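To start, the structure itself, in structure tokens.
The values are calculated or read from the model by the stated rules, or taken from the named source; none is laboratory data. Bear in mind the structure is a predicted one, so any value in this text is a computation, not a measurement. Here the Cβ is made from the backbone with ideal geometry for all residues, glycine too, and neighbour counts use every protein chain on show.
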Amino acid sequence: MADFNTHVFTAAAVASLGATVCTKLLDLPVTAALLLTAGGTVGGILPDIDLKYSVPSKIMFSVFGCIAAITWMFARLADFSVSELWVFAIVIFLLVRFPLWALFHQFTVHRGSLHSLAAALMFGLLSAVTGEHVLNVSSEISWLLAGFVVTGVIIHLLLDEIYSVDFVGARIKRSFGSALKLIDTERLVASCLILFVCLVAWFWTPPADGIVEIWKQSRISWQDLMLPDYVRVQ
């Protein structure tokens with residue numbers, strides 16, 4: 001499989017290019033471009049959170065812990081003193097980062113159910129929900145974020161499959177086919193759980209009508225978008 005740096009840099013390159021295109025095409029603010037780039041980059045390492053001692057796993061559970069702690073702290077801002085809020089927030093972070101992290105890896109296998117297109121869909125829907133209900137961005141940006149996260153995940157799966165082929169020795173490694181799959185048929189319980197999360201998350205996603213409208217309202221042609229003035233066809 002591809003190493004961590006390959007996943008990060010490839011996903012970041014594709015995400016930054018896509019964010020640049022979306023920003024100019026849809027006249028988005030710079031903050032949205034940064035969010036989309038971050039979403040695509042995070043998507044590029046998300047499937048490896050099932051590898052217990054990997055950098056992505058530690059990073060993602062630290063991020064989840066921070067989000068959980070900050071969300072709780074601001075939700076209960078009026079109920080506790082500052083010292084109490086911070087103590088509880090630290091406890092929540094530690095619970096997510098360590099016990100929940102350890103429990104998660106008791107039920108996951110590397111290149112298992114999270115290395116699938118169903119998991120990519122789950123991550124995308126959860127991103128749309130997070131954008132709308134946690135980050136408080138518009139429904140349009142939330143869906144764009146979901147698309148960038150899904151793209152990042154798929155890039156990760158494709159890279160793992162490409163690196164499963166030994167082009168020098170002209171052979172296919174045993175790991176080929178274990179990353180890019182629709183669902184993990186060997187672990188049906190985990191796959192059914194992923195599909196269940198997708199179903200539940202769908203009911204919390206923002207309306208998708210707006211994202212279609214902003215694409216329709218774009219007045220910039222692809223030639224104007226991609227080419228400098230001096231090489232455009234008049």
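If we keep just the residues of segment 162-183 that are at pLDDT 80 or above and under 12 Å from SER116 (Cβ atoms), which is surrounded by the fewest Cβ atoms within 10 Å (Cβ to Cβ)?
LEU182
Determine which single condition GLY112 fails, assuming it passes every other condition in (1) at pLDDT 85 or above; (2) crowded, with 17+ Cβ neighbours inside 10 Å.
Only one criterion in (1) at pLDDT 85 or above; (2) crowded, with 17+ Cβ neighbours inside 10 Å is unmet by GLY112, namely (1).
Where residues in segment 22-32 are part of a helix (DSSP H, G or I) and surrounded by fewer than 15 Cβ atoms within 10 Å (Cβ to Cβ), which of them is nearest to the chain's Cα centre (by Cα)?
If we take residues in segment 22-32 being part of a helix (DSSP H, G or I) and surrounded by fewer than 15 Cβ atoms within 10 Å (Cβ to Cβ), then THR31 is nearest to the chain's Cα centre (by Cα).
Which residue pairs have Cβ atoms closer than 9 Å, lie 6 or more positions apart in sequence or on different chains, and pair a first residue in segment 132-158 that is under 23 Å from HIS7 (Cα atoms) with a second residue that is assigned to a loop (DSSP other than H, G, I, E, B) and among the charged types (D, E, K, R)?
Once the first residue is under 23 Å from HIS7 (Cα atoms) and sits in segment 132-158, its partners that are assigned to a loop (DSSP other than H, G, I, E, B) and among the charged types (D, E, K, R) give LEU157/LYS181.
So PHE80 clears everything in (1) surrounded by fewer than 20 Cβ atoms within 10 Å (Cβ to Cβ); (2) part of a helix (DSSP H, G or I); (3) aromatic (Phe, Trp, Tyr) except one condition, right? Which one?
Just one mismatch for PHE80, condition (2).
Quick grid of which residues meet (1) touching a Phe, Trp or Tyr at 6+ places or on another chain (Cβ under 9 Å); (2) at pLDDT 80 or above:
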| residue | (1), (2) |
| --- | --- |
| THR10 | no, yes |
| ALA19 | yes, yes |
| ALA32 | no, yes |
| ALA38 | yes, yes |
| LEU46 | yes, yes |
| VAL55 | yes, no |
| ASP79 | no, yes |
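If you check ILE92 against the conditions, is it surrounded by fewer than 21 Cβ atoms within 10 Å (Cβ to Cβ), β-branched (Val, Ile, Thr) and either modelled with pLDDT of 90 or more or assigned to a helix (DSSP H, G or I) (or both)?
The answer is yes for ILE92.
Enumerate the pairs (first residue in segment 62-82 and more than 26 Å from PHE104 (Cα to Cα); second residue anywhere and in a helix (DSSP H, G or I) and aliphatic (A, V, I, L, M)) with beta-carbon separation below 8 Å, excluding pairs fewer than 6 apart on the same chain, so at least 6 apart or on different chains.
Correct list of pairs: ARG76/LEU85; LEU77/LEU85.
State whether the residues of segment 34-51 include one that is under 22 Å from VAL150 (Cα atoms) and more than 16 Å from the chain's Cα centre (by Cα).
yes
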